[in-house]
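In what follows, a single structure is set out as structure tokens and then discussed.
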Amino acid sequence: MTEKIMVCGETVELRRKGSGAPLLYLHGGIGDTDWLPVFDDWASRFSVVQALHPGFGGSTGGEKLDGVEDLVFHYLDLLAHLGWDQGALTIVGASFGGWIAAEIAARYPKLVSHLMLVGAAGLWIDDSPPAELFGREPRELAALLFHKLDHPVAAMMAAVTDVASLPEDLILQQFKAMEALARVAWNPYFHDPKLERLLPRVRAKTAIVWGAEDRFFPPVYAQRYASAIPSAQLCLVEGAGHLVLLERPEEVTRQLIKLTT
Amino acid sequence: MEFYFFHLMPWPHLPEQYHGPAWIRCPNELYDPERGVAVYNRYIDELVYAEELGFDGVCVNEHHANAYGNMPSPNLIGSILARQTRRCKIAIVGNALPLYNPPIRVAEEFAMIDVISGGRLIAGMVVGGGPEYYSNGLNPAQARERFYEAHDLIVQAWTRPGPFVFNGKYYKLRYVNPWPRPLQKPHPPIWIPGAGSLETMEFVARRQYAYMGIPYFHRRVFERNFAFFREACEKEGYRARPEQMGWLCPIYVAENDETARREYEPHFWYFAKRLLPGIETSPPGYTTARSAVKLITARNDFLLFVDTWEQVVEGRYAIVGSPDTVVEQMTDMISSLGVGNILALLQVGTLPADLTRRNMELFAREVMPRLKAWEAERRAQAA
């Protein structure tokens, strides 16, 4: 399922499963970079590709990133490589990946037929700035990103009391990923000041899916996306924090089916 | 061997009930400008007094948005010292280059201080601490690249006839032509402080600058770092000179060991437990991954995570005692590290003015001469 392909001189690690209409999943910074069980459900209807961003896992080129635009072009190249650049494409983007998805759909509106943004970064609201993600201990991240700490991934993160005790290759990989993330999202912090006024360009049928208890990007961001994208439907998911795909995967699947049928 | 009096200018008035970090998020309502008047002027007096006591130089440095060191602009203090001292070197260690845009500002201000002081400036250049990247909004993943590029621009600005064009990745200037130029030729000596990042040590070795080991680590971390630095110099084809290496250390001298510990310990713990928390913040991309792993493994050898006085003594996190004890521990450290510059941190935390002065006096009168004599004898033996 995992493969490594070359796109414009860089390695991209991706996982692929299922057959049907093309669906690209763009992941966030933390928590959804492994293949999630919910993708198996999607694979019965879609040809699902989860690609890792440059600097994450086996994907190279993170050190060359200088802004979200670099990622937009990177994914355009990847879509061309997959033969998925003919329109009729579904993109699901969560958190940081949601920001990239929104940029692609706004800049290249003909490319994306269906768009789902889950707890997407990308916007800024003065009265509700997004929370600090960088420099947090794993247990602090768990508290920030999950609604309930009894989720197995949250419990695992909360159990890390000494980062130095983790395996060295895991620390290295995490450093590399966070560095790539910082290159794009440090300042302006997880947003593109130009994105909001580009959003009316989005032609894709759009669903905005958001954890009602999201503490990283509070639900007011969901409303902002929903009011800026012409066809957007808003769905607040009870019992979920920022990582909706981990805490309420069945609800995301339900919304995906509703969006695409 | 040269002796420098180092001042951090800490905020000594954090309220008892405050136990948060001293960096980034330490509420600035806790800074009281009314009390600041006395604090700043007392600290400047101490720096000036160091010259009178015979120190070879004084050191100041740059930190932002914190209670640990109230010198967001060390160049302001440096320019005061240029006028209030006559003889000693003024080591500004350093300016956090990526925080100046364009960094030509550093070339200008350092040149001003060098000229005003009659050529007494030591120009320190640093990447800046991890917390500065939060407080100044600068991308930490660009820290190293910006530092190296800014360094190149500054050294060129001092040594190439202007105007010239500089077309870097971050800094693009069509007319580099700073006035004044520095007095010292080809430019003031450059010191680079570091906490053990491998790239920094390799850079200093390549350029033949001087490397200053940032304190608050266990002695074995210093030993490892200076050994790495000497190796890096060997790889560049030369032997590291002692004056290329500086060791910064909190030191306290009193009549005897018991008095020294009694007088010093509470002020030292204020420093270690109230002013250090937050300094260890390392934002993503701030160091390369290979250095980051190394720094993480050194974490447990950092003063912030030390809890007993016995650990402080064993790890030489501070040198505290009678003149005999201090001389003995310092000669041991100097021999094992091979350093030629001693950066003595003689005021830390809440250490009050009277104890600071007596510490400075005892150090200057009872310790410095004996270390200099020991050094001369060692050199004579080697020759």
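The values are calculated or read from the model by the stated rules, or taken from the named source; none is laboratory data. No experiment lies behind these values; they were computed from the predicted model shown. Reconstructed Cβ throughout: ideal geometry from the backbone, glycine too, with neighbour counts over all protein chains shown. With ligands, DNA and RNA removed, areas are computed over all heavy atoms of the protein, side chains included. Shrake-Rupley method; radii C 1.70, N 1.55, O 1.52, S 1.80 Å.
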Taking every alpha carbon pair in region B:2-382 and sorting the distances into 20 angstrom bins from 0 up to the bin holding the longest one, the percent per bin comes out as 28, 62, 9, 0
One would report the Cα pair-distance distribution of region B:311-383, bin width 5 Å, in %, as 3, 14, 24, 26, 18, 9, 4, 2, 1
Carbon plus sulfur, as percent of the 1.4 Å-probe accessible area of the protein assembly as shown, comes to 52 percent
Output field shielding_mean for A:185-195 (other chain Cβ, 10 Å radius) holds 2
Using alpha-carbon coordinates alone, the radius of gyration and Dmax of region B:265-309 in Å work out to 12.6, 37
Dimensionless Rg/Rh of region A:93-193, both radii on Cα and Rh by Kirkwood, sits at 1.02
Rounded to the nearest 0.05, FRET efficiency between A:T261 and B:L76 (Cβ-Cβ, R0 56 Å) equals 0.25
Measure of exposure for A:L133: accessible area at 1.4 Å probe, Å² rounded to 10, is 10 Å²
Taking the alpha-carbon centre of each part, the distance from region B:210-289 to region B:118-186 in Å is 25 Å
Taking the dipole of chain B about the Cα centre (Lys, Arg +1; Asp, Glu -1; charges at Cβ), the one of B:V367, B:P284, B:G340 that reaches farthest to the positive side is B:P284
Given all pairs of distinct Cα atoms, the protein assembly as shown yields a Kirkwood Rh in Å of 27.1 Å
Taking Rh as the Kirkwood radius computed over alpha-carbon pairs of region B:1-148 and applying Stokes-Einstein at 4 °C with viscosity 1.567 mPa s, one gets a diffusion coefficient in µm² s⁻¹ of 80 µm²/s
When all Cα-Cα pair distances of region A:143-261 are considered, the percent exceeding 19 Å is 61 percent
Note: probe point = Cα of B:R83 + 7 Å toward Cβ; backbone nitrogen < 16 Å; residues of region B:25-63 passing the test are B:41, B:44-45, B:48
Debye calc, one equal point scatterer per Cα of chain A, no solvent, log10 I(q)/I(0) at q = 0.09, 0.13, 0.14, 0.15 1/Å comes to -0.35, -0.78, -0.92, -1.08
Expressed in angstrom and rounded, the centroid-to-centroid distance over alpha carbons for region A:213-244 and region A:134-177 is 24 Å
On each of the three principal axes the extent of the alpha-carbon atoms of region A:196-261, given in whole Å and largest first, is 31, 29, 13
